[in-house]
Amino acid sequence: MGRKKTLAPGLYRRKDSKFIWMSFSANGRSYNRSSGTCNERLAAKILAKIHVKIVEGKWFEIDHSSQRTYDEMIDRFMVEHAPTVSKNTQASYAFSRQHLDQFFGGLKLSEIESEKVSEYRIWRSKQCCKPATRNREVAMLSKAFSLAINRWKWTKSNPCQQVSMEPEHNDNIGQSLPENLEESVLQTCRNYLAGDLESIVNIAIHSGCRRCEIAMLRYENINLSLYQFSVIQKGDKLKICAVTETVHAILSAKCVVKNASGFVFVNPKTGRHWNLRTVSRQFKKACKGAGIPTFRFHDLRHTTGTRLGEADKDIHTIAGILGHSKLSTAARYVKHSTESKRRVMNDVFEHKKTEVKNE
């Protein structure tokens, strides 16, 4: 076996970075810095220059924020950090970056202060985006600045830390699909995604799973004998979903002839799972055909929670089915259980009217 090639003294590699790193001491303190290059010779020259400055007493900590730009920071963030998170988070980063680039593009890091971040939130609010969206975008920017401070040594302060997160008002749980329209929607869905949309929607209603969890469902995660299947939800957490008779029939039919890709719902043109945006677009068309054009795919998850609430199921049960880590999130469905409210109001007021008439 050949010997593993070692770098020049003072240079080393890190698993979390594509660049060669430098290790040196100055003024009684040890430093570890990225060379910013993958070329060993260039990294050695950079380190040599630092050593010369140290000997001459000219080396000191430099704030590079006036030299580095937002564009450099966000590009490096997407190359080094984004691949380490879940695919859902990567998609969120890509969406957030579109808006961040419009506002911060071309600015130097030294020009991005807390006031600028506040201006960004005001700018985005005028575009009618929700507080939760703005919070995610600022959180992404804050993470990029943290890396620029602690890992890349490009700046010394994070302007986002001085800007508090906005309240998100999560009491608005979206729409719920009326039961008298469910069959109409399902019938319309049969004409989309090569017939898969009807099955996907049925599973969504009967499990409370998100769009990506169903679209990326694999055969290996289904156990029909135990009436359950597993999905990876937000935060890369495993969730075991109970299977109703309706879902069992759907998955049983799908498992008769399995697709080579391993995915249950496959685009016959690509041989891969359905694109998530395609699922949403096709569902929107189906809903428009069924007479509810404003209904979204995510509202199917709200439908599950609302129906559980209207059936007077307790918060722990609802949280377990939907995969909520906080009971307060599941409590929304109990609070907004309109059918339960209607029954209570009828019991009190309509019953009273009946008593008066009988007298």
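Checking residue 209 against (1) farther than 22 Å from residue 318 by Cα; (2) of a type outside the set (A, V, I, L, M); (3) in contact with a strand residue (DSSP E or B) (Cβ under 8 Å, 6 or more places away or on another chain), which single condition isn't satisfied?
(1)
Can you pull out the residues in the range 92-113 that are more than 20 Å from residue 156 (Cα to Cα) and either surrounded by 14 or more Cβ atoms within 10 Å (Cβ to Cβ) or not small (Gly, Ala, Ser) (or both)?
Result: 92, 93, 95, 96, 97, 98, 99, 100, 101, 102, 103.
Does the range 277-294 contain at least one residue that is touching a Gly at 6+ places or on another chain (Cβ under 7 Å) and not in a helix (DSSP H, G or I)?
Looking for residues that are touching a Gly at 6+ places or on another chain (Cβ under 7 Å) and not in a helix (DSSP H, G or I), one finds none in the range 277-294, hence no.
Hey, does the range 63-77 have a residue that's under 30 Å from residue 232 (Cα atoms), modelled with pLDDT of 90 or more, among the hydrophobic types (A, V, I, L, M, F, W, C) and surrounded by 15 or more Cβ atoms within 10 Å (Cβ to Cβ)?
yes
Do we find a residue being within 23 Å of residue 64 (Cα to Cα), at pLDDT 95 or above and not hydroxyl-bearing (Ser, Thr, Tyr) anywhere in the range 126-137?
No, the range 126-137 contains no residue that is within 23 Å of residue 64 (Cα to Cα), at pLDDT 95 or above and not hydroxyl-bearing (Ser, Thr, Tyr).
Which numbered condition in (1) under 18 Å from the mean Cα position of the chain (by Cα); (2) more than 18 Å from residue 272 (Cβ to Cβ); (3) not in a strand (DSSP E or B) is the only one that residue 213 fails?
(2)
Every residue in the range 295-313 that is touching a residue at least 60 places away in the same chain (Cβ under 8 Å), farther than 17 Å from residue 180 by Cβ and either in the same structural domain as residue 95 (by TED's automatic domain parsing) or not in a helix (DSSP H, G or I) (or both), please.
296, 297, 298, listed by residue number.
Residue 178 versus (1) in contact with an Asp or Glu (Cβ under 6 Å, 6 or more places away or on another chain); (2) closer than 20 Å to residue 332 by Cβ; (3) free of Cβ contacts under 8 Å to residues at least 60 places away in the same chain: which is the lone unmet condition?
(1)
Assess whether residue 202 counts as being over 23 Å from residue 86 (Cα atoms), surrounded by 13 or more Cβ atoms within 10 Å (Cβ to Cβ) and in contact (Cβ under 8 Å) with a residue 40 or more places away in the chain.
Criteria met by residue 202.
Mind checking which pairs have a first residue in the range 133-153 that is at negative phi and a second that is in a helix (DSSP H, G or I) and surrounded by fewer than 16 Cβ atoms within 10 Å (Cβ to Cβ), Cβ under 7 Å, 6 or more apart or different chains?
Taking only residues 6 or more apart or on different chains, the pairs are 134/125; 142/161.
Just checking, which of 126, 116 is surrounded by fewer than 14 Cβ atoms within 10 Å (Cβ to Cβ), over 22 Å from the mean Cα position of the chain (by Cα) and farther than 23 Å from residue 33 by Cβ?
Sole residue among the options that is surrounded by fewer than 14 Cβ atoms within 10 Å (Cβ to Cβ), over 22 Å from the mean Cα position of the chain (by Cα) and farther than 23 Å from residue 33 by Cβ: 126.
Just checking, does the range 230-240 include any residue being in a loop (DSSP other than H, G, I, E, B), at pLDDT below 95 and among the aliphatic types (A, V, I, L, M)?
Scanning the range 230-240, I find no residue that is in a loop (DSSP other than H, G, I, E, B), at pLDDT below 95 and among the aliphatic types (A, V, I, L, M), so the answer is no.
The values are calculated or read from the model by the stated rules, or taken from the named source; none is laboratory data. For clarity, every value in this text was computed on a predicted model and none was experimentally measured. Methodologically, a virtual Cβ is constructed for each residue, glycine included, from the backbone with ideal geometry; neighbour enumeration extends over all protein chains shown.
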